[in-house]
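To keep things clear, I will list the structure first and then write my remarks on it.
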Amino acid sequence: MPRRRLLYLLAVVAMLGQMAFAMITTATQQTPTIDEPVYIATAEVYTQQHSLRFNPEHPPLGKLILATGLAFAGVARLDPAYPGSQTALGRHLLYESGNNPFRVLLAARLPVILLTLLFGLVVLAFARDLAGPVGGLIALGLYAFSPDVIAHGSLATLDVPAAGLLLTAFWLAWRARERPHRYLPLAGLALGGALATRASALPAVPIIVLLAALSTWHAQRTRPPFLPTPLRRRLLTSAGALIGTGLIAVAVVWVVYLIADPQLRWTTPPRLPHPGGLKGLAVDWLPFPQAYRDGLLMQFKFERQTFNGFLLGQAYQGNLWYYLPAALLIKTPLGMLALWLAGALTMLLVPRLRAASLYVLPVSAVLLLVAMTGARDYGTRYVIFLPLFLAVAAGTVALLRFRWVRPAAAVLVLLTAASSLRTFPFYLPYSNEAFGGTAKTHTNLHDSNVDWGQDLARLSRKLKTDYPGQKIWLIYKGSGVPAYYGITAAHPYSVPFDQVHGILVVSDSRIALASPKLRQLLDTSTPIDQVGYSMTIYKR
């Protein structure tokens, strides 16, 4: 193997190796986040009972991926007639069924970790196709050191699998410009996988099927002059590629639902509101199982509710259209932001990249705009696709013909890596240096941006080591069970405040949205410590 190729391979292995180490370390140290128990329990229901009744608001594929890891965890059987909600079911599986929560969580998280690493290879390949080997390394560097990707790629959730499958579909559609018959069926499979993981991928469908037609048209235009393709045939072939790619994606969704429940035993919940109008008509016309369409209606029902938000120290009700852009500015490394912008401009301004930009930038913009209209201002995980697509865009700066470009790009990747490594292993509450770093994230954002209930184990160790024998009061937001981790604590609302003495621990998301009652309690307490940058410890 030539020396240059060997060094290139070593660089790829080193970046993905550190990413794997960071994700596995994070996965072994964090207790369940709010969403994970629901997904894990639903995955086990799919395996044991082949029932769609839990977590119907999300399609099954992501949870079936979790089930591949749970198959090795020895999970206890669940009662088919369990009467509780999906939230209660998750708690029951982890803490009340004789299972080891640490083992079950890690088993469910490992398939997502593996997928996240594989998607890194897709980022590398996509950027390399567009901008050569150096562009591939720039893109992979941004991806492998992205705090958001590491944080959510180490959790048993659906966000990274859906984003990675979508990126794979667009990469394969790009490759289809040379060999459509080889790559478009694969693009349809990847698109179907994304749709079968999260319905939030639906806005990308019109874009990618049009690109499938465009790739086929291009492939026919570039045939040798002695093998011309008549215009009518080119039009029909391109239309067939559009339809065929869409049909393959639809078939994947059906197959996934049949794997989850071969009999598709699904009953529409009573009083499930129908939005009517064009939105309702679009749902009715979707060629997907009824369970999928009802899941969309449930999501629409959530979107009509009013949720609490928190941004830059201000609590509010409802949603802010600029919340996600602001959250991205806070939680994205500065070097990464600079390369994202430079890459997007490069793709738009360099003539040879304008065709490629259609496979990267429109889907990023459309999905971002759709996410910005959402009712839940809960975190950058709703736009986790951006670190994937924009890493590819950033790699294209390698094509700029200025001496300083590649050294500057290398410096920005190194700055991104340094910022990411500084927050190890606290990737979930990361924020960049312009906003005070990880220690200050809780003053600007809440929920899955900083505190998703992930630090009960760390809290237990902290209390035993630094505050042994003291009275503990706890206000916790999360799905874990504090008592399981040896935390013996009372709730301060259970007694008059003048009787609350000792150590008070409060989840930072609760502090961000503090009610007048909680604010009164905090104002008469002294902050003395923190846990995992997601909980604050007070002395009373």
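The values are calculated or read from the model by the stated rules, or taken from the named source; none is laboratory data. Quick caveat, the model's predicted, so the values are computed rather than measured. Quick reminder, even Gly has a Cβ in these numbers, built from the backbone with ideal geometry, and neighbours come from all protein chains shown.
Here ASN444 fulfils each of the conditions (1) more than 23 Å from ALA391 (Cβ to Cβ); (2) crowded, with 24+ Cβ neighbours inside 10 Å apart from (2). Of all the numbered requirements in (1) modelled with pLDDT under 95; (2) surrounded by fewer than 24 Cβ atoms within 10 Å (Cβ to Cβ), MET15 misses one, and that requirement is (1).
Elements of the type helices (runs of 4 or more DSSP H) sitting completely within the stretch 340-424 and holding at least 1 residues that are crowded, with 18+ Cβ neighbours inside 10 Å, among the aliphatic types (A, V, I, L, M) and within 24 Å of the chain's Cα centre (by Cα): these cover 361-372, 386-395, 405-423.
When ASP466, ASP447, ASP508 are checked against the criterion of being more than 23 Å from the chain's Cα centre (by Cα), of a type in the set (Asp, Glu) and not assigned by TED's automatic domain parsing to the domain that holds GLN317, a single residue qualifies: ASP466.
Among the residues of the stretch 430-444, those that are not in a loop (DSSP other than H, G, I, E, B) and not basic (Lys, Arg) comprise GLU433, ALA434, PHE435, THR438, ALA439, THR441, HIS442, THR443. Considering ALA127, ALA131, ALA163, ALA173, which residue is under 18 Å from ASN449 (Cβ atoms), of a type in the set (Gly, Ala, Ser) and in contact with a Leu (Cβ under 9 Å, 6 or more places away or on another chain)? From the options ALA127, ALA131, ALA163, ALA173, the qualifying one is ALA163.
Among residues that are more than 19 Å from PHE21 (Cα to Cα) and of a type outside the set (Lys, Arg), LEU117 is not included. Only a single criterion out of (1) farther than 26 Å from ALA139 by Cβ; (2) at pLDDT 95 or above is not satisfied by LEU421, namely (1).
Of the residues that sit in the stretch 478-501 and are buried (at least 16 other Cβ atoms within 10 Å of the Cβ) and free of Cβ contacts under 8 Å to residues at least 40 places away in the same chain, which one is nearest to ASN100 (Cα to Cα)? Out of the qualifying residues, it is PRO482. As a summary of the residue check, TYR39 satisfies the conditions (1) assigned to a loop (DSSP other than H, G, I, E, B); (2) aromatic (Phe, Trp, Tyr); (3) in contact with a Ser or Thr (Cβ under 8 Å, 6 or more places away or on another chain) except for the one numbered (1). Please verify whether ALA483 is out of contact with any Lys or Arg (no Cβ under 8 Å at 6 or more places or on another chain) and either more than 29 Å from GLN314 (Cα to Cα) or of a type in the set (S, T, N, Q) (or both), treating the condition exactly as stated. Taking the combined requirement at face value, the residue satisfies it. Figure legend. Inter-residue proximity from the stretch 393-419: first residues under 17 Å from VAL350 (Cα atoms), second residues outside any helix (DSSP H, G or I), beta-carbon distance below 6 Å, spacing 6+ or different chains. Indicated pairs: ALA393/VAL360.
Scanning the stretch 39-73 for residues that are among the β-branched types (Val, Ile, Thr), in contact with a Leu (Cβ under 8 Å, 6 or more places away or on another chain) and under 29 Å from ALA144 (Cβ atoms) yields ILE40, ILE65. Comparison of ARG304, ARG234 shows that the only residue that is at pLDDT below 95, of a type in the set (Lys, Arg) and under 29 Å from the mean Cα position of the chain (by Cα) is ARG304. Only residues that are assigned to a loop (DSSP other than H, G, I, E, B) and more than 28 Å from PRO32 (Cα to Cα) were counted across the stretch 501-524, and they come to 2.
One line per residue, one yes/no per condition, for (1) in contact (Cβ under 8 Å) with a residue 40 or more places away in the chain; (2) buried (at least 23 other Cβ atoms within 10 Å of the Cβ); (3) over 25 Å from VAL253 (Cα atoms); (4) outside the structural domain of ALA251 (by TED's automatic domain parsing):
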residue	(1), (2), (3), (4)
PRO133	yes, no, yes, no
THR157	yes, yes, no, no
ALA162	yes, yes, no, no
LEU210	no, no, no, no
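When ALA41, ALA71, ALA88 are checked against the criterion of being without any contact (Cβ under 8 Å) to a residue 60 or more places away in the chain, of a type in the set (Gly, Ala, Ser) and buried (at least 24 other Cβ atoms within 10 Å of the Cβ), a single residue qualifies: ALA41.
Which of the residues that make up the stretch 148-201 are in a loop (DSSP other than H, G, I, E, B) and not small (Gly, Ala, Ser)? Answer for the stretch 148-201, where residues must be in a loop (DSSP other than H, G, I, E, B) and not small (Gly, Ala, Ser): LEU155, THR157, LEU158, ARG177, GLU178, ARG179, THR197, ARG198. In the stretch 57-78 there is no residue that is assigned to a loop (DSSP other than H, G, I, E, B) and of a type in the set (S, T, N, Q).
Is at least one residue of the stretch 270-289 outside any helix (DSSP H, G or I), of a type in the set (D, E, K, R) and without any contact (Cβ under 8 Å) to a residue 12 or more places away in the chain? Yes, the stretch 270-289 contains at least one residue that is outside any helix (DSSP H, G or I), of a type in the set (D, E, K, R) and without any contact (Cβ under 8 Å) to a residue 12 or more places away in the chain.
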